[in-house]
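Peer 1: Take this structure first; my questions come after.
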Amino acid sequence: MSHPQDSVHEHSIRDPESFWGHHAQSLHWHKQPSRVLDLSTKTLSASGITHDHWRWFPDGELSTTYNCVDRHVENGNGDNVAIVWESSVTGVRESYTYRQVQDEIEVLAGVLREEGVRKGDVVIIYMPMIPAALFAALAIARLGAIHAAVFGGFAAASLAQRIEDAKPRAIMTASCGIEGSKGPLSYRPLVEGAINQSKFKPDKVIIWQRDELRWNHPDKLGGQRNWQRIVKSGRMRGIRAAPVVVNSNDGLYIIYTSGTTGLPKGVVREAGGHAVGLSLSIKYLFGIKGPGDVMFCASDIGWVVGHSYILYAPLLVGATTILYEGKPVGTPDAGEFWRVIEKNKANVLFTAPTALRAMRKDDPESKLLTEIGARGGLKSLKALFLAGERSEPSIVRTFQDLLTSHAAPGATVIDNWWSSESGSPISGLSLLSELGYLTDPSSSTAVTPLPIRPGSAGKPMPGFDVRIVDDDGNEVPRGTMGNVVMAIPLAPTAFTTLFNDEERFYKGYLKRFNGRWVDTGDAGLIDQDGYVHIMSRSDDIINVAAHRFSTGAIEQVILSHPDIGEASVVGIPDSLKGHLPFAFIQPRNPGSGELPATASPELFNAVNKLVREQIGAIASLGGMIQGRGMIPKTRSGKTLRRVLRELVENAVVKGDYTAAVNVPPTVEDAEVVEVARARVREYFQSRKGESGVKAKL
Ligand code: AMP
């Protein structure tokens, strides 16, 4: 007999109409959808290509905000706690009931309407992790407008790109963010710098003033508004907005993700599918069912995980969500996550493996966690979810042992794989024991979840039909590595297009396999028991501390330095962050004299400064090799980054400078690979005794 997780998945793929139609009933629809799924075709205007397309709940109408907030108040749950803000960087804790959240967002939405925001408009959110950021998203959605959150503190150039693409009516921001223990970071130069750089200018900039660092004298004539002041005035005048109902396929939000060309891609989340899919996943996968359950997702609202599991999913089911401002370590130490769990009796922690690695670095024996565990502080915790990048088996095992000793009976570490595009986990292991009703509504019998398998990201979640194929799109036998793809339709939380760019959607996701599969861009395998293992990106997007960066975008920035003629960036393994960007550069005028593999500190610092300013500090380079004629290419001119990466990996991981690397037959000049090899050896050997190098690389 198959395990219930397998039969639930099989049902969702075999008969999506009955599966999702049933789950759609957990929401309030202002107009019930008459159909669950519409499979049709779409034609691209520029090229005339026709491809398969799908829509969920096509004629349904709803309000996500109503479902997240008002509905719970009307059902008598208004006094339940909706949001707890734990700010370990300011030492402040605040808590808001559903009724208080409703009051905040009714007024804020009314005020935004006065400032000109209408249904269908885009509003950018560029905020730190404070309650106002969540109120902003809910208020924008309340008006039927579309939010586009950009990670607070992102460089002005990155924000400018997103402003140009999204063409927002307004930007909602704050006077500062507080980055760990470094103190306040003023957002003003970043926001104003971005608007100056962008061809498109938003009408309004709405500024939440934080006491730690104010945005002095907002430029009123330039459309800058003091958030607290306009809300106070709106409240006094009784300005409030009721939820605006939208079509199921209208956009709720846009989230930008890095593209291979360096230009960000605007992933669009549709209102109806998102609400249905998330309501299911938070219960089925995370075991958070409703009032009384507490979710602690330690992500950022700039990332998709934050959208789904800090904000929308917990509120959709009426649970309590914890909004955390701080870091996993250093604010003040590696025990803070566990203290937040203890204080709030959280049932689930969701974080990235990089956070756990950072904790292990600061507290190698997990003394802080153990101390809290020993006094019974973690008994509420049922699961630790990990996503964003691959969790190596050792980190899963370490924390599984800690959970077994200190958390709730049966608590598990659950690696789950997903992307901005999917909107919710594509694979994971469901806490089925929490969910008798899915398998047998009349039974409350606990079902034992599938066992975890460290190194694997679990099994496919409902609605995601995951396959492994070769480069021609043919399925490979179980256990074989290949391209990870999905069949159409994707589950309801997933995107169906890119913002204003159907052509790029087709080219980026469907074209590679002629429209037969949706390309996830990941490489991996499905083992004999159906567990999915995600090994790496199949292209060259690198994952630094669970944040995705395109090597192309970093190269572009490096090349903006006047002395650099050619650049190639690869990801190199880093024990803490997963990967670090590592650059190969050729000077613009290399001359013919001696050219050491290690560039001058001046050049390295200047290049790194550009990367930090234009991409973000998190993308700081892990190293840089200079040389002449050392970047291998294919005959068609494509840089063979993979070859460079292998050379560096062999050097860093094994200290081996002679190991064979996989050079494809399409290489233009194999000699170039040997030049690169010699440079890699010179670079790492010359740095050997240097303090810090080993730790960094
Ligand atoms: P993003 O769109 O920024 O969330 O990045 C999505 C990418 O992160 C995926 O395509 C994977 O390459 C990677 N990723 C996310 N979660 C996992 C996981 N649990 N295991 C392996 N890779 C993951």
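The values are calculated or read from the model by the stated rules, or taken from the named source; none is laboratory data. Quantities reported herein were computed from a predicted structural model and do not represent experimental measurements. Note: ideal-geometry Cβ built from the backbone for every residue, glycine included; neighbour counts use all protein chains shown. Note: areas computed on protein heavy atoms with side chains; ligands, DNA, RNA excluded. Shrake-Rupley method; radii C 1.70, N 1.55, O 1.52, S 1.80 Å.
Peer 1: May I ask you to say which residue of VAL92, VAL117 is buried (at least 23 other Cβ atoms within 10 Å of the Cβ) and β-branched (Val, Ile, Thr)?
Peer 2: On the way: VAL92 fails: buried (at least 23 other Cβ atoms within 10 Å of the Cβ).
Answer to the selection: VAL117.
Peer 1: Working only within the stretch 306-333, note down all residues that are more than 21 Å from VAL69 (Cβ to Cβ) and crowded, with 24+ Cβ neighbours inside 10 Å.
Peer 2: Filtering the stretch 306-333 down to residues more than 21 Å from VAL69 (Cβ to Cβ) leaves 325-333.
Matches in the stretch 306-333: none.
Peer 1: Within the stretch 347-360, is there a residue that is open to solvent by 40 Å² or more (accessible area, probe 1.4 Å) and either charged (D, E, K, R) or away from the ligand (no atom under 16 Å from the Cβ) (or both)?
Peer 2: At the first step, the residues of the stretch 347-360 found to be open to solvent by 40 Å² or more (accessible area, probe 1.4 Å) are 360.
Filter once more, keeping what is either charged (D, E, K, R) or away from the ligand (no atom under 16 Å from the Cβ) (or both): 360.
Checked against the condition, which is being open to solvent by 40 Å² or more (accessible area, probe 1.4 Å) and either charged (D, E, K, R) or away from the ligand (no atom under 16 Å from the Cβ) (or both), the stretch 347-360 yields at least one hit.
Peer 1: Separate question: Among (1) open to solvent by 10 Å² or more (accessible area, probe 1.4 Å); (2) within 16 Å of the ligand (Cβ to nearest atom); (3) on the phi < 0 side of the Ramachandran plot; (4) among the hydrophobic types (A, V, I, L, M, F, W, C), where does LEU490 come up short?
Peer 2: In the conditions (1) open to solvent by 10 Å² or more (accessible area, probe 1.4 Å); (2) within 16 Å of the ligand (Cβ to nearest atom); (3) on the phi < 0 side of the Ramachandran plot; (4) among the hydrophobic types (A, V, I, L, M, F, W, C), LEU490 misses (1) alone.
Peer 1: Right, something else. On the basis of being within 20 Å of ALA241 (Cβ to Cβ) and modelled with pLDDT of 95 or more, does VAL111 make the cut?
Peer 2: Details: within 20 Å of ALA241 (Cβ to Cβ): yes; modelled with pLDDT of 95 or more: yes.
So VAL111 fits the description; yes.
Peer 1: To continue, here is another question. Taking the stretch 469-487 as the region of interest, how many residues are over 18 Å from TYR531 (Cβ atoms) and either loosely packed, with under 13 Cβ neighbours inside 10 Å or among the aromatic types (Phe, Trp, Tyr) (or both)?
Peer 2: Taking the stretch 469-487 and keeping what is over 18 Å from TYR531 (Cβ atoms), we get 470-474, 487.
Retained after the next criterion (residues that are either loosely packed, with under 13 Cβ neighbours inside 10 Å or among the aromatic types (Phe, Trp, Tyr) (or both)): 470-472, 474.
Within the stretch 469-487, residues that are over 18 Å from TYR531 (Cβ atoms) and either loosely packed, with under 13 Cβ neighbours inside 10 Å or among the aromatic types (Phe, Trp, Tyr) (or both) number 4.
Yes or no, residue by residue, for (1) assigned to a helix (DSSP H, G or I); (2) in contact with a Lys or Arg (Cβ under 8 Å, 6 or more places away or on another chain); (3) modelled with pLDDT of 85 or more:
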| residue | (1), (2), (3) |
| --- | --- |
| ALA660 | no, no, yes |
| VAL663 | no, no, no |
| VAL673 | yes, no, yes |
| ALA695 | yes, no, no |
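For every residue, the table says whether it meets (1) free of Cβ contacts under 8 Å to residues at least 40 places away in the same chain; (2) more than 17 Å from ILE564 (Cβ to Cβ).
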site	(1), (2)
VAL607	no, no
ARG612	no, no
GLN626	no, no
PRO632	no, yes
TYR657	yes, yes
LYS688	yes, yes
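Peer 1: So, restricting to helices (runs of 4 or more DSSP H) that lie completely within the stretch 130-201, which ones have at least 2 residues that are open to solvent by less than 10 Å² (accessible area, probe 1.4 Å) and in contact with a Leu (Cβ under 6 Å, 6 or more places away or on another chain)? Spell out how you get there, then give the answer.
Peer 2: Details: elements: 131-142, 156-166, 188-197.
Qualifying helices (runs of 4 or more DSSP H): 131-142.
Peer 1: While we're here: Can you tell me which residues in the stretch 370-394 are in contact with a strand residue (DSSP E or B) (Cβ under 8 Å, 6 or more places away or on another chain) and within 16 Å of the ligand (Cβ to nearest atom)? Can you show your working first?
Peer 2: The first filter runs over the stretch 370-394 and keeps only residues in contact with a strand residue (DSSP E or B) (Cβ under 8 Å, 6 or more places away or on another chain), leaving 380-391.
Within the stretch 370-394, ALA383, LEU384, PHE385, LEU386, ALA387, GLY388, GLU389, ARG390, SER391 meet the criteria.
Peer 1: Could you tell me whether the stretch 61-75 includes any residue that is in contact with an Asp or Glu (Cβ under 6 Å, 6 or more places away or on another chain) and assigned to a strand (DSSP E or B)? Give the derivation first.
Peer 2: If we filter the stretch 61-75 for residues that are in contact with an Asp or Glu (Cβ under 6 Å, 6 or more places away or on another chain), which is where we start, we get none.
Looking through the stretch 61-75, none of the residues is in contact with an Asp or Glu (Cβ under 6 Å, 6 or more places away or on another chain) and assigned to a strand (DSSP E or B).
Peer 1: Continuing with this model, one more query. Answer with yes or no whether GLU602 is part of a loop (DSSP other than H, G, I, E, B), open to solvent by 50 Å² or more (accessible area, probe 1.4 Å) and either within 16 Å of the ligand (Cβ to nearest atom) or of a type in the set (Asp, Glu) (or both). Walk me through how you get there before you give the answer.
Peer 2: Working: part of a loop (DSSP other than H, G, I, E, B): no; open to solvent by 50 Å² or more (accessible area, probe 1.4 Å): yes; either within 16 Å of the ligand (Cβ to nearest atom) or of a type in the set (Asp, Glu) (or both): yes.
In short, no.
Peer 1: Restricting attention to the stretch 572-612, which residues are within 30 Å of the chain's Cα centre (by Cα), at pLDDT 90 or above and of a type outside the set (A, V, I, L, M, F, W, C)?
Peer 2: PRO581, ASN605, ASN608, LYS609, ARG612 - these are the residues of the stretch 572-612 that are within 30 Å of the chain's Cα centre (by Cα), at pLDDT 90 or above and of a type outside the set (A, V, I, L, M, F, W, C).
Peer 1: OK, next. Hey, among ASP79, ASP38, ASP52, ASP59, which residue is surrounded by fewer than 18 Cβ atoms within 10 Å (Cβ to Cβ), in contact with a Ser or Thr (Cβ under 8 Å, 6 or more places away or on another chain), without any contact (Cβ under 8 Å) to a residue 24 or more places away in the chain and farther than 30 Å from ALA334 by Cβ?
Peer 2: Values: ASP38 fails: in contact with a Ser or Thr (Cβ under 8 Å, 6 or more places away or on another chain); ASP52 fails: without any contact (Cβ under 8 Å) to a residue 24 or more places away in the chain; ASP59 fails: without any contact (Cβ under 8 Å) to a residue 24 or more places away in the chain.
ASP79 is the lone residue from the list that is surrounded by fewer than 18 Cβ atoms within 10 Å (Cβ to Cβ), in contact with a Ser or Thr (Cβ under 8 Å, 6 or more places away or on another chain), without any contact (Cβ under 8 Å) to a residue 24 or more places away in the chain and farther than 30 Å from ALA334 by Cβ.
Peer 1: Tell me which residues, restricted to the stretch 43-60, are in a loop (DSSP other than H, G, I, E, B) and not acidic (Asp, Glu). Reasoning before the result, please.
Peer 2: If we filter the stretch 43-60 for residues that are in a loop (DSSP other than H, G, I, E, B), which is where we start, we get 44-49, 57-60.
Selection gives LEU44, SER45, ALA46, SER47, GLY48, ILE49, PHE57, PRO58, GLY60.
Peer 1: Have a look at ARG641, ARG588, ARG677 and point out the one that is buried (at least 20 other Cβ atoms within 10 Å of the Cβ) and in contact with an Asp or Glu (Cβ under 8 Å, 6 or more places away or on another chain).
Peer 2: ARG641
Peer 1: Taking the criterion of being in a helix (DSSP H, G or I), within 16 Å of the ligand (Cβ to nearest atom) and either basic (Lys, Arg) or at pLDDT below 85 (or both), would at least one residue in the stretch 555-564 satisfy it? It would help to see each step written out before you state the result.
Peer 2: Taking the stretch 555-564 first, the residues in a helix (DSSP H, G or I) are 555-558.
Adding the requirement that they be within 16 Å of the ligand (Cβ to nearest atom) leaves none.
Within the stretch 555-564, none of the residues are in a helix (DSSP H, G or I), within 16 Å of the ligand (Cβ to nearest atom) and either basic (Lys, Arg) or at pLDDT below 85 (or both).
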